[in-house]
Every structure is written in C-alpha cells, then in structure tokens.
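Quick notes on the structure that follows.
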Amino acid sequence: MTIRVLWLIKGLGPGGAERLLVSAADAHERSIVQPSCAYVLAKKDHLAHELELRGVTATCLAPARWNLWPFRLRRLLAIQRFDIVHIHSPVPGIVARCVVRTLPRGHRPLLVTTEHNAVGTYRRPVQIANRLTSRWDHATITVSNEVLTSLRGRRRRSAQSLAHGIDVAAVAAMAAEPSHRLAARREFGVGTGEIVIGTVANFREQKDYPNLLGAMQRLHQRGVRCRLIAIGQGPLERQMRTLVTDLGLDDAVTIAGYRPDATRVMTGFDVFVLASSYEGLPVALMDALALGLPVVATAVGGVGESLTDGVDAVLVAPADPDALANALESVVGDGVLRHRLSAAAARRAPDFDMRRAAGVIESIYASLIPTPLPEDAPTATRVATENRSRRPSGLQIREATEADRPAMIEMMRRPLRWGDDARIAAFFEWKHDSNPFGRSPTWIALDGPRIVAVRTFMRWQFLRGTETVDAVRAVDTATDPDYQGRGLFRELTNVGVESLLDGGVSFVFNTTNDQSRPGYLSMGWCEVGHLATTVIPRWSHALTTARSRVPADRWSLATGSPQGAIGGASQEVGIGVDEWLRLGGLERWIDEPPVGPRILHTPMSEAFVRWRYGTDLVPYRVVEAGKAVAIIRTRRRGRAKEMVVARTFGDVVRADVLVR
C-alpha cells in the first residue's frame with residue numbers, strides 16, 4: 001500500500017521551503033509515498049513545472065478568485081481521498097485544518113505540519129490561530145531545534161526536529177564541472193583572481209541585506225578587493241538597489257535578481273555569505289556546503305545549530321556589520337583558511353542529504369498509517385518501519401533527531417550512572433556534534449513516546465595512502481534498566497550498522513572490553529587486534545594502584561608539576577592545546593604519515609586536534625622537551641591518579657623518556 005500525501009504550501013516561488021519540496025520529490029521512494037502538491041498563490045508558480053517533471057501533480061487552488069481556495073481544497077480532498085495532508089505554510093495550514101474537520105470522520109486525512117520558522121516570527125493573529133488549530137495535527141516536524149523550542153505545550157513535547165536537505169550528489173557534481181564556474185564568472189564579468197562573495201537570499205526583512213551591505217561598505221573602505229553577487233527577489237529589492245547606490249557600492253555589488261539556475265551561478269562564488277536576522281535551515285546554505293564553498297554567516301536558527309564556528313564556517317552575531325566585515329575580510333584574505341573551510345563544508349554536506357530526511361519522514365508517515373513495505377525499499381525506511389510492526393515487544397526503532405537529545409540524556413543517566421552531573425549534556429554535544437568528521441548518527445528504541453534505548457555511532461575518517469576512508473565507531477549505548485534483556489543493544493546496533501553501510505560508510509569499529517566483546521563477536525564482528533597499552537606504576541603507590549582496577553573518571557584533573565607545589569600552588573605542566581596550535585606546534589611536530597595498502601591513520605588536522613584535545617571539558621596539556629612532545633591529561637581512577645598519554649610526536653626513544 002502506497003501512502004498518498006498532499007503537500008500544502010502558500011506558493012511555489014523560489015523560496016527555501018518550496019525548493020525543499022522539489023528535493024523531496026526526487027528523494028521519496030514512490031512505492032512508499034505518492035506525493036501531490038497544492039498551492040494558493042497563482043503568481044508564485046516558479047517551481048510548479050519542476051514538481052511536474054518529477055511526477056508530482058501541482059494544483060493551484062486559486063487560479064482566479066483567491067477567496068474561493070478553501071472550497072477548492074475541500075473538493076480536492078473529497079475527490080482524491082489523501083491519507084495525509086502535509087502542511088508547509090502557517091496560514092494555509094490554519095485554513096486546511098478547519099477544512100479537514102468539515103469532511104466526514106471516516107474520510108478525513110491525517111495532518112502533519114512542518115514548521116520552517118520559529119513561530120515567534122509570525123504575526124500575532126497567525127500565532128494564535130496556529131496554536132488553536134495545531135491541536136488537530138497528528139505529527140509536527142521542525143527544521144531546526146530553535147524552531148522546536150519556539151513551540152508551546154503538548155505540541156512542543158511531541159514535535160520532532162529534522163534537518164531537511166537537498167540532492168547533495170547532484171549539487172556536488174555541478175561543482176566538479178569547471179565549465180559551470182567559468183561560465184558564471186564570465187557572465188558577471190569577474191576578473192581573474194577576483195574574489196567573489198555570493199549570497200542567495202530573497203529581499204525580505206529576515207535576510208537583513210542592510211547588515212550585509214553595511215559589511216561590504218566597510219570592506220570597500222578598507223581597500224579589500226572583493227565583489228558581492230546577490231541572487232534573489234522580493235518586496236525589498238528596489239529599496240536595496242537604492243541602498244547599494246547610496247553606499248557607493250555600485251562597482252562592488254551586483255544584484256542579480258531571481259535566477260532559476262541559482263545553484264549553477266553559485267559555482268562562480270569563492271565565499272558564501274548569509275546575513276540573516278533569523279532563519280530555519282536555509283536551502284541555499286546546504287547548496288553552499290555541497291558546492292564546497294567557505295561559509296560566513298550569522299549564527300541564527302538552524303545555521304548556528306548545524307555549523308560550528310572555526311570548524312566548518314565562520315559565524316558571527318546577527319545585525320553586526322562590523323563583525324560580519326571582519327569575518328569576511330579574514331576569509332577573503334586567507335587562501336589557506338578558504339581551502340580549509342571549503343574542505344570542511346564538503347565533509348558536512350552529506351548530513352543534509354534529502355534522502356536521509358525523506359526516510360525519516362516516510363517512517364513518520366508509516367507510524368501514523370502502518371503499511372507493509374516492499375523488499376526493495378531503502379534500508380533506513382524499511383528498518384525503521386518494518387521492525388516497528390514486526391517487533392514482538394511492539395517497540396519502535398528509528399534514527400534520533402536533535403529534538404530527542406534531552407530525553408536521550410535523561411534516560412542514559414541511570415544505566416550509565418551519570419547522576420545529576422550538569423556537564424553531561426555539554427560533554428555529549430562536544431563528543432557528537434562538534435566532531436570535524438561530522439555529527440554522530442544515533443538510533444533509539446521507543447515504547448510509545450518514551451525513549452528506552454540508545455545507540456550512537458561516532459563518525460571518523462582514516463587515510464590509506466591518499467585515499468580517504470569513511471568509518472564510524474560504535475560508542476555510546478544504554479538501555480533503560482526496565483527494558484534490559486530484550487535484545488535492544490543487538491537490534492539497535494544491527495539497524496544502525498546496516499543503514500550506515502548502505503549510506504557509504506566503509507566499516508564500523510570499536511575498542512571493546514572483556515564484558516562487551518562476546519556480544520560483538522556473536523553479531524559477526526571480527527577481532528582484528530589489540531591496542532598496545534603500557535602502564536608505568538609508581539611502586540610507592542602499588543597498593544593503591546592494585547585497588548584501582550575500576551573504570552576511570554571522565555573528567556580531567558589539574559596536571560601538577562613533578563616538583564610539586566611552587567609558591568604554595570600546583571603548577572600546570574606544559575601549555576594548553578589551543579595555545580600550542582596558535583604557536584604553530586602541530587606544523588613543527590607533525591609526522592610523515594605511514595604509507596601502505598593495509599595502513600590506516602587518522603589525519604592530524606588542526607581542526608581535529610583542537611576538537612579532540614582542546615575542549616575545556618576534558619582538557620589536555622602539551623609538553624615539549626628536546627626532540628619529543630606529548631599530549632597528556634591527568635584523571636582519577638578509583639583512589640589513584642593516572643596520567644594518560646594520548647599522543648606523542650618526534651623521536652620515539654626521546655618520547656618514551658619524556659613520558660617516564
């Protein structure tokens with residue numbers, strides 16, 4: 001049985017929400033979901049043809065008299081008998097919910113709403129009407145966690161945050177074709193070596209063009225050689241053209257207007273900028289990441305949630321043209337930084353692939369209308385839905401979203417003995433969100449709305465010669481004590497592994513202990529070896545050491561001087577990782593990577609070292625001595641203290657001497 005869905009949206013102009021529908025039309029498995037689309041504004045039909053080409057019927061509800069569209073919607077619903085109406089705009093959604101209530105009870109489609117912006121950005125009457133009618137929704141999806149937290153009451157508790165996406169492979173392929181870049185730059189008369197800053201944003205108050213143009217004016221006054229190309233349309237376009245002239249930027253700013261080939265034009269950019277005052281999760285930003293463009297943006301909404309300043313973007317506060325100008329100047333003037341941000345953008349892009357989001361949406365539809373799925377359905381969707389209906393316990397397994405994070409952490413506190421430690425949430429965020437290799441995919445088991453088991457896989461990358469190998473490490477896992485013994489650890493692990501391998505991950509690995517190893521081996525995992533570990537005891541504390549064969553504490557202690565207290569206080573050994581990197585430590589000590597067809601090694605980039613060893617939550621110290629350097633930290637293990645040597649560089653013998 002195929003689920004018949006009607007997407008309802010205000011218009012099909014070239015906006016972000018509208019472009020998401022085009023991406024979804026490509027991504028949804030038609031044996032599972034058959035979408036149609038209805039829109040209200042006849043003059044905003046730019047993308048109707050794009051949907052039709054993808055087999056999605058696009059029906060204008062107000063081709064003549066605008067005020068008759070609710071009656072046309074009711075007639076469409078009565079004739080077509082859709083299973084679900086999926087709302088993508090607040091005002092049409094308010095009306096649609098009321099229209100659905102007028103249908104006979106047995107013929108009413110279920111209601112799903114995607115909120116693309118924080119509800120506080122709507123006009124007050126819309127906020128009130130939206131809140132009153134949304135109680136009839138059967139599921140709510142938000143495009144970012146900020147949008148989720150803007151909801152209220154029961155709707156907020158039951159909503160799910162989901163980063164929507166684009167066809168990453170298609171956009172990346174466009175960037176790989178040099179002719180697109182050459183043609184775009186030739187069209188706009190861009191000179192050889194000229195740096196182009198580009199944005200794709202409609203001319204509305206939300207996009208804060210005065211902020212961006214103010215930053216460009218400052219760059220122009222400083223003599224920074226760069227040019228801005230702005231693609232978009234909207235009610236403020238004429239006003240912004242006037243502002244460009246008033247600021248003396250006619251030679252530095254090109255307003256290109258609406259472009260149906262905006263993504264192709266973006267291949268001619270050197271830097272992508274977004275100066276918005278508020279956002280959901282802009283499609284143009286996802287396009288920029290897939291194109292491998294360095295990103296400079298305001299840290300608002302889903303932008304600030306999805307990207308990390310200094311890792312995969314340069315983020316600044318909104319409505320601050322000085323800060324935006326400084327950020328742009330730093331990127332425009334530093335080719336190495338642009339290259340690093342470009343590589344980081346390309347690594348992040350797969351996290352915004354629409355096929356992943358479509359699979360989650362399909363599982364939401366299927367949870368509302370259980371239906372058998374064909375054997376050739378995508379693995380993520382098939383596992384998320386078939387396992388739900390076939391599992392004897394009746395538990396649902398699906399991929400977690402950001403909205404699940406608080407409930408996940410609360411559930412994990414008990415089995416993992418985290419207690420009430422307030423640092424846990426920040427630790428989990430550092431470990432699984434800030435990773436330069438990408439965010440950690442997580443699968444959860446639910447009994448109704450209650451999360452009862454969690455399994456997280458940390459993304460990793462290795463180099464084999466010059467080849468990059470994508471992998472994941474099976475890390476955090478926990479099962480509610482009330483649900484232990486039901487095989488959820490095995491099931492969550494197998495579901496996650498199968499989906500990740502189908503998604504292009506080369507292998508999954510872990511470093512197990514004696515307790516967990518038998519479980520992994522019983523699932524068919526291979527034991528490939530042991531990590532070499534050396535323990536150097538202080539014999540004067542041998543009894544304390546012997547009694548401390550317990551798990552080590554998560555948090556670091558101060559790394560005191562070997563000479564003890566100096567001036568009445570313990571002196572920290574070495575320097576912090578951030579300071580070491582700032583002083584060029586990594587460049588001085590980086591080793592030549594090993595080479596061989598069977599040798600894997602983790603690339604030692606500055607972003608990786610800063611993330612892995614530079615966090616304030618578990619701080620490390622760097623100690624240099626002669627021809628060797630060590631990255632260390634001190635932690636508690638039972639009644640003993642131990643020094644952990646995380647990494648050494650330089651001469652091997654000298655490094656051993658330094659460690660001792």
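The values are calculated or read from the model by the stated rules, or taken from the named source; none is laboratory data. These numbers were taken from a predicted model, which means no experiment stands behind them. Please note: Cβ atoms are built from the backbone with ideal geometry, for glycine as well, and neighbour counts cover all protein chains shown. When the accessible area is computed, the model is the full protein with side chains, heavy atoms only, and any ligands, DNA or RNA have been set aside. Shrake-Rupley method; radii C 1.70, N 1.55, O 1.52, S 1.80 Å.
Suppose we keep just the alpha-carbon trace of the chain; what are its Rg and Dmax in angstrom?
27.2, 91
Which distance in Å, rounded to a whole number, links the C-alpha centroids of region 536-557 and region 312-361?
43
For the chain, which whole-number percentage of the solvent-accessible area (1.4 Å probe, protein heavy atoms only) is attributable to carbon and sulfur atoms?
Working: 15980 of 31200 Å².
The computed percentage sits at 51.
Which value in nm describes the separation of the simple spin-label points at ALA183 and ASP251, placed 7 Å from the Cα toward the beta carbon?
3.1
Quote the charge dipole size of the chain about the Cα centre in Debye, to the nearest 20; the model charges only the Cβ of Lys and Arg (+1) and of Asp and Glu (-1).
That gives a dipole near 2000 debye.
Taking Cα atoms, how many degrees apart are the long axis of helix 124-133 and the longest axis of the chain, rounded to 10 and kept between 0 and 90?
Once rounded, the angle reads 90 degrees.
Please tell me the relative contact order of region 9-120 in percent, rounded to the nearest whole number, where contacts are Cα pairs under 8 Å and at least six residues apart.
25
P(r) of region 235-320 in 10 Å steps, Cα pairs, percent per bin?
15, 41, 38, 6
Could you give the size of the charge dipole of region 403-554 about its Cα centre, using +1 on the Cβ of each K and R and -1 on the Cβ of each D and E, expressed in debye and rounded to the nearest 20?
Taking the Cα centre of region 403-554 as origin, the dipole is about 540 debye.
Looking at region 472-564, I'd like the Rg to Rh ratio, where Rg is from alpha-carbon atoms and Rh is Kirkwood's inverse mean 1/r.
A ratio of 1.09.
Please enumerate, by chain and number, the aspartates and glutamates with C-alpha under 12 Å from the C-alpha of LYS43, excluding those fewer than 8 residues away in the same chain.
none
Would you kindly compute the Cα radius of gyration of region 1-52 and its largest Cα-Cα separation (Dmax), both in Å?
Final numbers for Rg and Dmax: 11.1, 35 Å.
Of the DSSP beta bridges with both residues in the chain, give the percent that are antiparallel, rounding to the nearest 5.
In the chain, DSSP labels about 50 percent of beta bridges as antiparallel.
What is the angle, in °, between the Cα long axis of helix 488-502 and the longest principal axis of the Cα atoms in the chain? Nearest 10 is fine, range 0 to 90.
Once rounded, the angle reads 70 degrees.
Quick one: order ILE87, ILE590, ILE255 from most to least accessible surface, probe 1.4 Å.
ILE590, ILE255, ILE87
Which lysines does LYS44 reach when only Cα atoms under 27 Å apart count, and residues fewer than 8 places away in its own chain are ignored?
Correct list for LYS44: LYS10, LYS207.
Of MET216, GLN127, THR308, whose Cα points farthest to the positive end of the dipole of the chain (charges on the beta-carbon: +1 Lys, Arg; -1 Asp, Glu; origin at the Cα centre)?
GLN127
Any chance you could get the radius of gyration and Dmax over the Cα atoms of region 159-263, in Å?
15.7, 49
Tell me the accessible surface of SER516 in square angstrom (1.4 angstrom probe, heavy atoms of protein chains only), to the nearest ten.
Counting only protein heavy atoms, the figure is 40 Å².
Among TRP539, TRP525, TRP66, what's the order by accessible area (1.4 angstrom probe), most exposed first? Could you put the intermediate results ahead of the total?
Numbers: TRP539 200, TRP525 55, TRP66 145 Å².
Reading off the accessible areas and sorting them downward yields TRP539, TRP66, TRP525.
What shape does region 277-350 have by the C-alpha gyration tensor, where a ≥ b ≥ c are the square roots of the eigenvalues, rounded means a/c under 1.5, and otherwise prolate means a/b greater than b/c and oblate the rest?
oblate
How compact is region 401-498 by the rule of thumb for globular proteins, expressed as Cα Rg over 2.2 N^0.38 Å?
Dividing the Cα radius of gyration by 2.2 N^0.38 Å gives 1.16.
Mind ordering 582-588, 498-504 by average Cβ neighbours within 10 Å, highest first? Please report the intermediate quantities before stating the final value.
Values: 582-588: 13.1, 498-504: 16.0.
Most protected by this proxy first, the peptides run 498-504, 582-588.
Under 18 Å between alpha carbons, and skipping anything fewer than 8 positions from LYS627 in its own chain: which aspartates and glutamates qualify?
Result set, ordered by chain and number: GLU587, ASP591, GLU592, ASP651, ASP656.
Please report, in debye to the nearest 20, how large the charge dipole of region 1-90 is about its Cα centre when each Lys and Arg carries +1 at its beta carbon and each Asp and Glu carries -1 there. Could the numbers behind the result be given before it?
Details: 12 positive and 7 negative charges, 88 e Å.
I would put it at about 420 debye.
How large is ³J(HN,Hα), in whole Hz, for each residue of region 302-316 in order, when computed from phi with the Karplus curve 6.51 cos²θ - 1.76 cosθ + 1.60 and θ = phi - 60°, using x for Gly and Pro?
x, 5, x, 6, 8, 10, 10, 4, x, 9, 10, 5, 10, 10, 9
Ordered by residue, what ³J(HN,Hα) values in Hz, to whole numbers, does region 537-545 give under the Karplus form 6.51 cos²θ - 1.76 cosθ + 1.60, where θ = phi - 60° and Gly and Pro are x?
x, 8, 5, 5, 10, 4, 5, 4, 5
Mind listing the long-range amide H neighbours of SER36? Cut-off is under 5 Å, sequence gap 5 or more, other chains count too, H placed in the peptide plane at 1.01 Å from N.
For SER36, the qualifying residues are VAL5, LEU6, TRP7.
Quick one: Debye curve from the C-alpha atoms of region 1-135, no solvent, what's log10 I(q)/I(0) at q = 0.11, 0.17, 0.20, 0.22 Å⁻¹?
The computed values of log10 I(q)/I(0) come out as -0.37, -0.92, -1.29, -1.51.
Provide the solvent-accessible area of LYS10, counting protein heavy atoms only and rolling a 1.4 Å probe, rounded to the nearest 10 Å².
Solvent-accessible area, nearest 10 Å²: 110 Å².
Just read off the accessible area of GLU429 with the full protein assembly in place, 1.4 Å probe, to the nearest 10 Å².
Approximately 100 Å² for this residue.
Pairs of Cα atoms under 8 Å, at least six residues apart: use those to get the relative contact order of the chain, whole percent.
9
Amide H neighbours of TYR258 under 5 Å, counting only residues 5+ apart in sequence or on other chains, H built in-plane at 1.01 Å?
GLY232
Using modelled backbone amide H atoms (1.01 Å from N, in-plane), which distant-in-sequence or interchain residues come within less than 5 Å of ALA640's amide H?
Under 5 Å from the amide H of ALA640 lies no amide H from a residue far enough along the sequence or on another chain.
Positive end of the dipole of the chain, charges at C-beta (+1 Lys, Arg; -1 Asp, Glu), about the Cα centre: which of SER144, ALA366, VAL33 has its Cα farthest in that direction?
ALA366
Using only Cα atoms and rounding to the nearest 10 degrees, what angle (0 to 90) does helix 178-187 make with the longest principal axis of the chain?
60
Mean residue ellipticity at 222 nm from the helices of the chain, using -39,500 (n - 2.57) per DSSP H segment of n ≥ 4 over the full residue count, to the nearest 500 deg cm²/dmol?
-11000 deg cm²/dmol
I need the P(r) histogram for region 86-238: all alpha carbon pairs, bin width 5 Å from 0 out to the longest distance, whole percents.
Bin by bin from 0 Å, the calculated values are 2, 7, 12, 13, 13, 13, 11, 10, 8, 6, 4, 1, 1, 0.
Under a 1.4 Å probe, what is the accessible area of the chain per residue, stated in Å²?
Numbers: 31200 Å² over 660 residues.
I get 47 Å² per residue for this part.
Cα centroids of region 156-186 and region 207-222: how far apart, whole angstrom?
If you average the Cα positions of each part, the centres end up 26 Å apart.
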